[in-house]
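Structure first, then comments.
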Amino acid sequence: MCNKKTLYLVGVFLFFNAMYLIGSEVSKTPPAQEVAVSAELQEKFPLKNHHAKLSLKCADCHEGQGDEPENFQMIGDEGCLSCHKSKQYLADRLKFMDVLHVNPHNSIHDGQRLYCDECHFEHQKSENMCLNCHSNDVKIWMKDTP
Amino acid sequence: MKQETVSRRDALKLGALGLAGAMMAATNAMAAAPKETEVKFDEEYDVIVIGSGFAGLAAASKAAERGLKVLILEKMGRVGGNSVINGGAFAVPNNRDQQQFGIKDSADLFIKDALKAGLGINHVEMLEVIGKRAQETFDFAVKCGAKFQTGKKPTWFGGHSVARTIVTENMSGSAIIQPMAAFVEKLPGCKLMTRTKFDDFVMSADGESVVGVAARENYRFNKKLLSDDMENTGGTKKFFKARKGVILASGGFSMDKVYRKLQDPRIAEDQDATNHDGATAGAMLKAFQIGALPVHIDWIQQGPWASPDERGFGVAPLLTQQGLFVLGVAVDVRNGKRFMNEMADRKTRADAEYVILREDPKANPVAIGTEKTFAPQIAHAVEKGLQTGVMKKFDTLDALAANYKIPAAALKETIKVYNETAMAGKEDEFKKQTLKNLKEAPIDMKGPFYAIRLQPKPHHTMGGVKINTKAQVISGNTGKPIPGLFAAGEVTGGTHGASRLGSCAIADCLVFGMVAGENV
Ligand SMILES: Cc1cc2nc3c(=O)[nH]c(=O)nc-3n(C[C@H](O)[C@H](O)[C@H](O)COP(=O)(O)OP(=O)(O)OC[C@H]3O[C@@H](n4cnc5c(N)ncnc54)[C@H](O)[C@@H]3O)c2cc1C
């Protein structure tokens, strides 16, 4: 799964680049295999900017969950990590925050153990769980949870 | 009068909740614990541990080390409950570092200290086990990978008659929790399941012994509910068989909005605590349901050093205990007067604050002091307190008084009398012990003045199920251990009596966790 997704990602990037070069019309042509998604659904399940601008499709995340959006389930850590590699990789990317022990991906309390959805949500505002107890510190420690 | 209206309203609210709960069938109001003849087990283990804090992990590590197959159930997404946010201070009576630095200690001295803080209602036989086995337990934790600052003089905690506390490497319980969780998970056949909630004990056909548990996988704790235990219907039902026994290590209930208020109606439902969100009473209540004896349930230790201007434990406890309370004053904002000995024990101070807050829930008392009251080693916290706005700094008492709407003249008079009494070497009206032999005024009239608003926060629930020295849970029906059921940690009661001394919870949880893991 990991490999396939990594490859796919490259595809996405190429597609994205191509789009960028050719112009905006291309993005209006959905890939053939894509599940039909009504505007209503898209509004009900908006994507985060960082994913929307990659033109991610529902099935990129809800992979293997059929083609009925009503039946989609949460995608869990594995879902996120199928593109974002591993918890170790994510922890390393924010390693500079370890100095003050405030790396959300390698916390002083939890190491790398936390579920992504303790903080990140896709179709709603993310909510950093550290805020539960560090109401005043988090804004000093790290950025808003993307 | 006032009290009566409060309790009537509560009765209505609780009644309503009970009804809603029953309708949603999160838990059935009438249900007895299921029997093994009524369920089909999905998986089988030797030992099932409920909770992944110090007590649960010590029990699991010991049992797993003995070669048993262990399953740990944790309802939260996070491992370690209160243990993983704890300050990492572990009282180890008669430890090697004490010996190395010539500090004389003994199990008896430890028991004497604990009894004094516990107002003499402690179960002494439990303290004896801690006194005897703390060093050995410490060594076991180290063997499982826990990291401590050793080879140096132990730390002296309030209420202890000698320095006997050893602190973890990162000053957090996580330096014990993370390696111990990894220790268990590495052993063959052992597993830790997060987001899996224990619901019920499964009893033998004759109803006498605990032989397994009912739980829900993929459970998401919902902190927005008044009672997650009663209302949350999420997750998928699973039955787990425990061939040797079940160890209850579900921690305290300082965050249980409903149950803590039943014990102490001063604790409002929306009141913050120092604990993690999952510190609720549900699992303990299931043990009561099958006959476990309750002990000291309404002794809830509250931190009088906390602030309403931050969530959870925060930075205020350090800034008051090693700062404002030492040489400064705490005043009632309505009249500018002192109302307690700022250095009294936790209960005395929390009670004094509640007298004010029950009259006016918005009139949080304010602690006031000057630079010299802060211990040098908390300089970083002073900075953090100011930066985050929990503590405020004022050039004059007038500015301070105006900010908190304290009558300025009265406040100045209070501080004047306080300073004069201390400098005259006289005992003040509250018999504060830190004002002796001062050569200068405890509050420096030049300023600047530092202030923090105060709010007691539930911190540790002293009560819980009764266990014996083998960590077996005692039945109120037979007066004997309930076969197959063990417990350890904050979910047990009696050990610390009315009030737990700082750094004794780790000792209690790890020692009796280990004992449970030995005996199961
Ligand atoms: C901020 C703070 C600082 C502290 N500092 C110190 C200190 O420095 N020294 C000291 O000695 N003590 C300290 N204490 C006290 C000490 O940390 C606790 O008493 C101790 O952690 C309790 O450990 P435990 O294993 O009994 O419970 P916990 O560590 O709370 O673990 C219990 C676990 O059981 C889980 N659970 C509950 N119900 C269920 C269920 N139905 N199904 C599945 N799982 C369930 C909970 O989610 C939790 O994770 C501190 C406490 C706090 C809050």
Inset, instruction - For residues that are aromatic (F, W, Y) and within 14 Å of the ligand (Cβ to nearest atom), scanning just segment B:231-289, find the one that is farthest from B:E310 (Cα to Cα). - result: B:F240
Inset, instruction - Scan segment B:93-103 and give yes if some residue there is in contact with a strand residue (DSSP E or B) (Cβ under 7 Å, 6 or more places away or on another chain), more than 23 Å from B:G314 (Cβ to Cβ) and open to solvent by 10 Å² or more (accessible area, probe 1.4 Å), otherwise no. - result: yes
Inset, instruction - Please list, ordered by first then second residue, the pairs with beta carbon atoms under 7 Å, 6 or more apart or interchain, first in segment B:387-407 and within 14 Å of chain A (Cβ to nearest Cβ), second surrounded by fewer than 18 Cβ atoms within 10 Å (Cβ to Cβ). - result: B:Q387/A:I140; B:K392/B:N403
Legend entry - Residue list for segment B:248-277, filter: small (G, A, S) and either more than 12 Å from the chain's Cα centre (by Cα) or away from chain A (no Cβ under 14 Å) (or both): B:A249, B:S250, B:G251, B:G252, B:A268
Inset, instruction - Please work out which one of (1) more than 14 Å from chain A (Cβ to nearest Cβ); (2) open to solvent by less than 20 Å² (accessible area, probe 1.4 Å); (3) under 19 Å from B:A268 (Cβ atoms) is the condition B:D298 fails and give its number. - result: (2)
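Evaluate the following for A:D60: is it assigned to a helix (DSSP H, G or I) and either over 14 Å from A:M142 (Cα atoms) or open to solvent by 40 Å² or more (accessible area, probe 1.4 Å) (or both)?
On the way: assigned to a helix (DSSP H, G or I): yes; either over 14 Å from A:M142 (Cα atoms) or open to solvent by 40 Å² or more (accessible area, probe 1.4 Å) (or both): yes.
So A:D60 fits the description; yes.
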Inset, instruction - Could you tell me whether segment B:175-185 includes any residue that is within 15 Å of the ligand (Cβ to nearest atom) and part of a loop (DSSP other than H, G, I, E, B)? - result: no
Inset, instruction - Only residues that are assigned to a helix (DSSP H, G or I) and either open to solvent by 50 Å² or more (accessible area, probe 1.4 Å) or small (G, A, S) (or both): list them for segment A:84-107, please. - result: A:H84, A:K87, A:Q88, A:Y89, A:A91, A:D92, A:R93, A:K95, A:F96, A:V99, A:L100
Inset, instruction - Would you mind stating whether B:V315 is of a type in the set (V, I, T), out of contact with any strand residue (DSSP E or B) (no Cβ under 7 Å at 6 or more places or on another chain) and under 30 Å from B:Q387 (Cβ atoms)? - result: yes
Inset, instruction - Out of the residues in segment B:371-385 that are part of a helix (DSSP H, G or I) and away from chain A (no Cβ under 14 Å), state the one that is surrounded by the most Cβ atoms within 10 Å (Cβ to Cβ). - result: B:T373
Legend entry - Subset tally (residues that are away from the ligand (no atom under 14 Å from the Cβ) and out of contact with any strand residue (DSSP E or B) (no Cβ under 9 Å at 6 or more places or on another chain)) for segment B:192-224: 1
Legend entry - Condition met for B:V315 (of a type in the set (V, I, T) and away from chain A (no Cβ under 14 Å)): no
Legend entry - Every residue from segment A:108-130 that is facing another protein chain (nearest Cβ under 10 Å) and either open to solvent by 70 Å² or more (accessible area, probe 1.4 Å) or touching a Leu at 6+ places or on another chain (Cβ under 7 Å) (or both): A:R113
Inset, instruction - Hand me the list of strands (runs of 3 or more DSSP E) wholly inside segment B:430-520 holding 2 or more residues that are within 16 Å of the ligand (Cβ to nearest atom) and crowded, with 24+ Cβ neighbours inside 10 Å. - result: B:457-461, B:481-487
Legend entry - Options B:A402, B:A363, B:A410: the member that is open to solvent by less than 80 Å² (accessible area, probe 1.4 Å) and assigned to a loop (DSSP other than H, G, I, E, B): B:A363
Inset, instruction - Any chance you could count how many residues in segment B:302-312 are within 14 Å of chain A (Cβ to nearest Cβ) and more than 14 Å from the ligand (Cβ to nearest atom)? - result: 2
Legend entry - Cβ-Cβ under 6 Å pairs, at least 6 apart or on other chains, segment B:35-57 side open to solvent by less than 30 Å² (accessible area, probe 1.4 Å), far side among the basic types (K, R): B:Y45/B:K69; B:D46/B:K69; B:D46/B:R243; B:D46/B:K244; B:V47/B:K244
Inset, instruction - Report yes if B:L225 is in contact with a helix residue (DSSP H, G or I) (Cβ under 9 Å, 6 or more places away or on another chain) and in a helix (DSSP H, G or I), otherwise no. - result: no
Inset, instruction - Name the residue, out of B:G102, B:G145, that is away from the ligand (no atom under 16 Å from the Cβ), among the small types (G, A, S), assigned to a loop (DSSP other than H, G, I, E, B) and within 14 Å of another protein chain (Cβ to nearest Cβ). - result: B:G145
Inset, instruction - Might you check whether a residue that is small (G, A, S) and open to solvent by less than 10 Å² (accessible area, probe 1.4 Å) occurs anywhere in segment B:258-271? - result: no
Legend entry - Total residues in segment B:345-360, condition hydrophobic (A, V, I, L, M, F, W, C) and either free of Cβ contacts under 8 Å to residues at least 60 places away in the same chain or open to solvent by 20 Å² or more (accessible area, probe 1.4 Å) (or both): 3
Legend entry - Residue selected from segment B:318-344 under the condition of a type in the set (V, I, T) and away from the ligand (no atom under 16 Å from the Cβ), by the criterion nearest to the other protein chains (Cβ to nearest Cβ): B:V333
Inset, instruction - For segment B:60-76, indicate whether the set of residues that are among the hydroxyl-bearing types (S, T, Y), open to solvent by less than 20 Å² (accessible area, probe 1.4 Å), under 26 Å from the mean Cα position of the chain (by Cα) and within 14 Å of another protein chain (Cβ to nearest Cβ) is non-empty. - result: no
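The values are calculated or read from the model by the stated rules, or taken from the named source; none is laboratory data. These numbers come from a predicted model, not from an experiment. With ideal geometry, Cβ positions are generated from the backbone for all residues, glycine too; neighbour counts draw on all protein chains shown. Quick note on the areas: whole protein, heavy atoms, side chains included, nothing else; ligands and nucleic acids left out. Shrake-Rupley method; radii C 1.70, N 1.55, O 1.52, S 1.80 Å.
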